[in-house]
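Peer 1: Just passing along the structure, written as C-alpha cells.
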Amino acid sequence: GAMAHRAAQEVRDALRPFTIPNGITLIRLALTPFFVLGVVEGNYRFALVIFVVAGLSDGLDGLLARLLGMRSLFGTYLDPIADKVLLVTAYIALTWPKEGFVTIPIWLTVMALSRDFLIVLVALLMYLGAGVREFRPSLWGKSTTVVHIATIVLVLLANLGRIPDPVLLSAFYVALGLTVVSGVDYVRRAAARLERIHRGDDEG
C-alpha cells in the first residue's frame, strides 16, 4: 500500500510540469515562428491573428492554473519566458526594414532589448549574489509590457489599413519613455532590495 502510494506520488510529481496550462504555454511558444513567417511574407492579418491567439492563451493558461490548482514551478518560469520570446521576436520581426511597410523604429527596439538584457542581468546578479528568486514586476514594468503589446498590434494594423502617423509616433514615444523609466525603476528597486538584505545580514 505505502509503496504503491509513494510510487503514484512520484509519478504525479514527475508529470506535474505537463499540466494543461503548461501545454498552452508551450503552444504559445510554438506559435512564435508562425508569427515571424506571417510578418516576413507580408501577411499581417495572419500575424495579427497569431498574436491575438497567443495573447488570449496567455490569459487562459493563467486562469486555468488558478482554477485547476495547477500552478507548477515549471509554469512559473516557462510562462514569462514564453511571453518574452514572443514579444522580443515580434519586435525584431517588425523592425526589419521592409520597403513600403510600417515598421517599428530601430531606436525603440534597441532600447527595449537593452532593457530586457539589463533586467535579466540584474535578476541573475541578485540570484547569484543574494539568492533572490522572487522579484515582483512593478507597475512600471507591467505598463511597459502593455504598451509594447499595443505597439505591436498598432504596427500590424497599420500594415492592414491606415493608422494615422501621429498615433503610431505617440505609441513609439510612450513605449520608449516607459522602457527607460521601468528599466531605471527596476535597477533602483533591485539595489534597494539588496541593501535591505545586506542590512538584515549585518544585524543578524
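Peer 1: Between Thr103, Thr89, Thr109, which is in a loop (DSSP other than H, G, I, E, B) and either small (Gly, Ala, Ser) or at pLDDT 95 or above (or both)?
Peer 2: Only one candidate passes the filter, namely Thr103.
Peer 1: Tally the residues that are part of a helix (DSSP H, G or I), open to solvent by 60 Å² or more (accessible area, probe 1.4 Å) and in contact (Cβ under 8 Å) with a residue 60 or more places away in the chain, restricting the search to region 158-186.
Peer 2: 1
Peer 1: Here's a follow-up. Got a number for residues in region 59-99 being open to solvent by less than 70 Å² (accessible area, probe 1.4 Å) and charged (D, E, K, R)?
Peer 2: Qualifying residue count for the region: 4.
Peer 1: Collect the residues in region 25-42 that are of a type outside the set (A, V, I, L, M) and over 27 Å from Leu73 (Cβ atoms), keeping them in residue-number order.
Peer 2: Answer for region 25-42, where residues must be of a type outside the set (A, V, I, L, M) and over 27 Å from Leu73 (Cβ atoms): Phe34, Phe35, Gly38, Glu41, Gly42.
Peer 1: Only one residue in Ala90, Ala82 is touching a Phe, Trp or Tyr at 6+ places or on another chain (Cβ under 7 Å) and of a type outside the set (Val, Ile, Thr). Which one?
Peer 2: After applying the criteria, what remains is Ala90.
Peer 1: Evaluate the following for Ile119: is it β-branched (Val, Ile, Thr), in contact (Cβ under 8 Å) with a residue 12 or more places away in the chain and over 30 Å from Arg193 (Cα atoms)?
Peer 2: Here the answer is no, as Ile119 does not meet what is asked.
Peer 1: Something else about it: Considering only region 137-156, I want to know if a residue exists there that is among the aromatic types (Phe, Trp, Tyr), open to solvent by 30 Å² or more (accessible area, probe 1.4 Å) and either farther than 16 Å from Leu108 by Cα or in a helix (DSSP H, G or I) (or both).
Peer 2: Yes, the conditions are met somewhere in region 137-156.
The values are calculated or read from the model by the stated rules, or taken from the named source; none is laboratory data. Since this is a predicted model, take the numbers as computed values, not measurements. When we count neighbours, we look across all protein chains shown, and the Cβ atoms used for this are built from the backbone with ideal geometry, even at glycine. With ligands, DNA and RNA removed, areas are computed over all heavy atoms of the protein, side chains included. Shrake-Rupley method; radii C 1.70, N 1.55, O 1.52, S 1.80 Å.
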